[in-house]
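Please treat every number below as a calculation from the coordinates, not as lab data. Computed from a predicted model, the values in this text were never measured in an experiment. Here the Cβ is made from the backbone with ideal geometry for all residues, glycine too, and neighbour counts use every protein chain on show.
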Number of protein chains: 2
Amino acid sequence: MDWRAHLQEYLAPRVAQVNRALAAFLAYDAPLPRQLPEAMRYAALASGKRLRPILCIAAAEAVGGNADQVMPTACALELIHAFSLVHDDLPPMDNDRLRRGQPTVWVQFGEAMAILAGDALFAKAFELIAEQAQYSPPERVVQTLHLIATAAGVHGMCGGQVEDILSEGQTISLERLQFIHTHKTGALIRASVLAGAILAGATPAQQAVLDAYSRALGLAFQITDDILNETASPEQLGKPVGSDRARKKATYTALLGVEQARQHALQAHRAAQEALQPLGEAANPLRWLVTYAIERTH
Amino acid sequence: MDWRAHLQEYLAPRVAQVNRALAAFLAYDAPLPRQLPEAMRYAALASGKRLRPILCIAAAEAVGGNADQVMPTACALELIHAFSLVHDDLPPMDNDRLRRGQPTVWVQFGEAMAILAGDALFAKAFELIAEQAQYSPPERVVQTLHLIATAAGVHGMCGGQVEDILSEGQTISLERLQFIHTHKTGALIRASVLAGAILAGATPAQQAVLDAYSRALGLAFQITDDILNETASPEQLGKPVGSDRARKKATYTALLGVEQARQHALQAHRAAQEALQPLGEAANPLRWLVTYAIERTH
């Protein structure tokens with residue numbers, strides 16, 4: 001089997017398990033409040049790669065843990081990702097009307113509900129992190145809480161998004177572009193990998209290996225996203241091609257051109273693979289995932 | 001001394017301590033991201049009662065703890081409150097241009113920055129809850145994390161705000177009004193009191209007492225807010241008088257009239273005082289606070 005078949009076989013049961021857990025965690029049945037749970041489910045249960053939960057699970061497995069053991073935190077990471085997309089799509093931010101071929105949350109439910117659904121997903125994520133204590137020692141839960149909250153805030157997602165917005169329409173340095181991406185998307189990818197590892201009892205040396213892996217993986221994903229935004233078909237993207245360019249977004253392709261961006265992605269791929277060497281076969285899914293990061297078509 | 005003098009003497013050093021801690025927690029000095037830390041500080045360090053941190057501290061003291069012991073969590077509660085105000089003020093929500101006599105965050109920094117500053121304050125709150133583990137056993141930190149995250153989400157602040165928005169312009173039942181307020185503001189007040197108590201090692205019996213107190217206190221505050229929105233001067237309010245009525249908000253005064261609303265506030269005051277009976281003199285600040293809740297002029 002090539003890596004694609006291995007990865008497919010690996011992902012199918014785990015994505016299904018994450019989807020079941022997400023649906024259960026978001027199953028509110030009280031009559032009040034109206035609309036909010038529906039908007040949250042619309043945002044979080046739509047089709048998606050479940051990349052962050054999968055990374056959390058794969059990292060746990062790479063150090064001897066398993067999916068059941070990290071499921072609340074894995075789902076929390078997906079909810080934080082979903083929250084960030086809901087807010088990023090809003091008119092004052094990216095003003096996106098389509099995501100994965102579907103109307104965005106604010107188009108479907110209105111702006112006020114989209115702001116609140118994002119907030120409520122974010123809150124729910126931290127509720128799930130607290131529920132992780134049913135499976136893990138509380139010291140580890142607190143450690144992952146700090147890691148994930150930091151990755152979502154000023155020194156992570158929110159900070160990266162602010163710089164992304166402030167850089168629109170400007171020519172920026174590679175250094176500033178790297179700030180944007182290590183913060184906007186890289187930080188939560190790193191937190192996903194490390195949270196899984198920490199909850200499964202990774203040693204400091206294992207954590208250092210996975211830290212290096214996660215940084216290279218985040219870069220490989222982001223550069224490839226930028227390339228796909230230029231070169232994929234609208235059907236593959238689920239949104240218009242070249243939308244980043246149209247909006248004068250800072251991207252690797254804008255700064256380096258598609259060819260050189262591709263070289264950077266390959267370099268990140270090599271760095272991720274090399275980082276994993278000490279971990280042996282249990283880390284194979286993490287290896288397939290970084291290959292997927294640069295080989296995917298959407 | 002009457003309760004006012006006692007409360008003043010109690011509050012002064014503690015509010016000052018909370019303000020110093022908030023400023024220190026929000027002192028970001030990296031060059032990137034731009035604007036975001038400034039917007040966060042604008043939102044969170046503006047003058048305010050610091051009610052939630054004070055409740056957290058007073059509850060800790062009522063069961064034998066102290067302010068130092070709960071400071072990260074006390075500040076986290078203020079950041080969650082600040083985050084909710086920033087988002088509530090946005091144009092698609094309450095569309096408020098003034099708060100405490102100052103331009104709201106979106107007026108000052110733009111809507112995108114206001115959304116992100118709110119998100120980043122929320123993230124920072126959970127970072128601080130994790131940092132609480134420097135002072136408290138991790139089991140207690142995880143317990144307060146669950147309590148606070150729940151109070152902020154669907155079954156708390158966000159859920160209450162959604163129902164508040166959906167009820168604008170409608171005549172609603174007292175029951176639905178109570179849902180709105182126990183969720184929109186009551187849940188975080190309750191979480192503030194209980195978090196302080198739990199971190200300071202309150203017994204289950206003490207927690208039950210403080211739970212009852214916090215529910216009555218939240219009600220006393222909310223009803224009085226509604227009354228002040230009708231009867232205070234614009235200088236006292238820092239915003240136009242009757243703004244809730246102008247916007248056809250569901251309020252206690254709209255539903256019951258000012259006089260009957262006042263009776264309900266007095267009843268909540270009595271319930272809060274009675275709940276505290278088992279706690280003795282250490283709970284005096286909590287007693288002064290509920291009297292303040294119904295006697296204040298802004």
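In region A:3-295, what is the count of Lys pairs whose alpha carbons are under 26 Å apart, counting only pairs at least 8 residues apart or on separate chains?
10
7 Å along Cα→Cβ for the label point: how many nanometres lie between B:TYR135 and each equivalent label in the other copies, listed shortest first?
Copy-to-copy label distances for B:TYR135: 3.2 nm.
Describe numerically, in nm with one decimal, the distance between label points set 7 Å from Cα along Cα→Cβ at A:HIS6 and at B:GLU168.
If labels sit at A:HIS6 and B:GLU168, their model points lie 5.5 nm apart.
Assuming a ≥ b ≥ c are the square roots of the Cα gyration tensor eigenvalues, decide whether region B:185-262 counts as rounded (a/c under 1.5), prolate (otherwise, with a/b larger than b/c) or oblate. Numbers along the way, then the final one.
Working: a/c = 3.40, a/b = 2.43, b/c = 1.40.
It is prolate, given that a/c is not under 1.5 and a/b is the larger ratio.
If you average the sequence gap of Cα pairs under 8 Å that are 6 or more apart and divide by the length of region A:3-295, what percent do you get for the contact order? Intermediate results must be reported in sequence, preceding the final value.
Values: 435 pairs, mean separation 63.1, N = 293.
RCO, region A:3-295: 22 percent.
Using 0.36 nm times the number of residues separating B:GLU295 and B:GLU259, minus their current alpha carbon distance, what extension gain do you get? Could you put the intermediate results ahead of the total?
Values: separation 36, 0.36 × 36 = 12.96 nm, distance 1.45 nm.
Additional length available on full extension: 11.5 nm.
Grab the DSSP H runs of the protein assembly as shown that are 4 residues or longer, score each as -39,500 (n - 2.57), total them, divide by all residues and round the 222 nm result to the nearest 500 deg cm²/dmol. Working shown, then result.
Values: 30 runs with 426 residues, N = 596.
After summing the helix terms and dividing by the residues of the protein assembly as shown, the value is -23000 deg cm²/dmol.
Which one, B:HIS298, B:GLN17, B:LEU199, is farthest towards the positive end of the dipole of chain B when Lys and Arg carry +1 and Asp and Glu -1 on their Cβ?
Toward the positive end, the furthest listed residue is B:HIS298.
Please name which of B:GLN102, B:ILE180, B:LEU128 has its Cα lying farthest along the dipole of region B:3-295 towards the positive end, using unit charges on Cβ (Lys, Arg +1; Asp, Glu -1) and the Cα centre as origin.
Towards the positive end, the residue furthest out is B:GLN102.
For a quick check of your reading of the filter: which trypsin sites (Lys or Arg not before Pro) in region B:137-218 sit in a DSSP loop and have no more than 12 other Cβ atoms within 10 Å? All intermediate terms of the calculation are to be shown ahead of the outcome.
On the way: sites: B:ARG140, B:ARG176, B:LYS184, B:ARG190, B:ARG215; in loops: none.
Filter output for region B:137-218: empty list.
Which three semi-axes in whole Å describe the equivalent ellipsoid of the protein assembly as shown, each the square root of 5 times a Cα gyration tensor eigenvalue, listed largest first? Spell out each step's value before the answer.
Details: eigenvalues 369, 139, 88 Å².
Equivalent ellipsoid of the protein assembly as shown: 43, 26, 21 Å, largest first.
With springs only between Cα atoms under 10 Å apart, run a GNM on chain B and tell me which of B:THR224, B:THR104, B:THR203 wobbles the most.
Ranking B:THR224, B:THR104, B:THR203 by mean-square fluctuation puts B:THR203 first.
Assign one of three labels to region A:3-295, namely rounded, prolate or oblate, based on the Cα gyration tensor with a ≥ b ≥ c the square roots of its eigenvalues; rounded applies when a/c is under 1.5, prolate when it is not and a/b is larger than b/c, and oblate otherwise.
Judged from the Cα gyration tensor, region A:3-295 comes out oblate (a/c at least 1.5, b/c at or above a/b).
Zone of B:LEU266 (label point 7 Å along Cα→Cβ, backbone N under 17 Å): which residues in region B:194-224?
B:220-221, B:223-224
Over its Cα atoms, what ratio of radius of gyration to 2.2 N^0.38 Å does region A:118-253 give? List each step's numbers first, then the result.
Values: Rg = 17.0 Å, N = 136, 2.2 N^0.38 = 14.2 Å.
Ratio of Cα Rg to 2.2 N^0.38 Å: 1.19.
If you place +1 on the Cβ of every Lys and Arg, -1 on the Cβ of every Asp and Glu, and leave all else neutral, what size is the dipole of the protein assembly as shown about its Cα centre, to the nearest 20 Debye?
Details: 52 positive and 60 negative charges, 59 e Å.
Rounded to the nearest 20 debye, it is 280 debye.
Based only on the alpha carbon positions, what is the Kirkwood hydrodynamic radius of region B:1-79, in angstrom?
Details: mean 1/r = 0.0736 Å⁻¹.
Answer for region B:1-79: a Kirkwood hydrodynamic radius of 13.6 Å.
Relative contact order of region A:68-177, please, whole-number percent, based on alpha carbon pairs below 8 angstrom and at least 6 residues apart.
On the way: 82 pairs, mean separation 31.4, N = 110.
Worked out over region A:68-177, it gives 29 percent.
Can you classify region A:98-157 as rounded, prolate or oblate using the Cα gyration tensor, where a ≥ b ≥ c are the square roots of its eigenvalues, rounded means a/c under 1.5, and otherwise it's prolate if a/b beats b/c and oblate if not?
Since a/c reaches 1.5 and a/b is larger than b/c, the shape of region A:98-157 is classed as prolate.
With springs connecting C-alpha atoms under 10 Å apart, model chain B as a Gaussian network and identify which of B:ARG245, B:ARG270, B:ARG34 has the largest mean-square fluctuation.
B:ARG34
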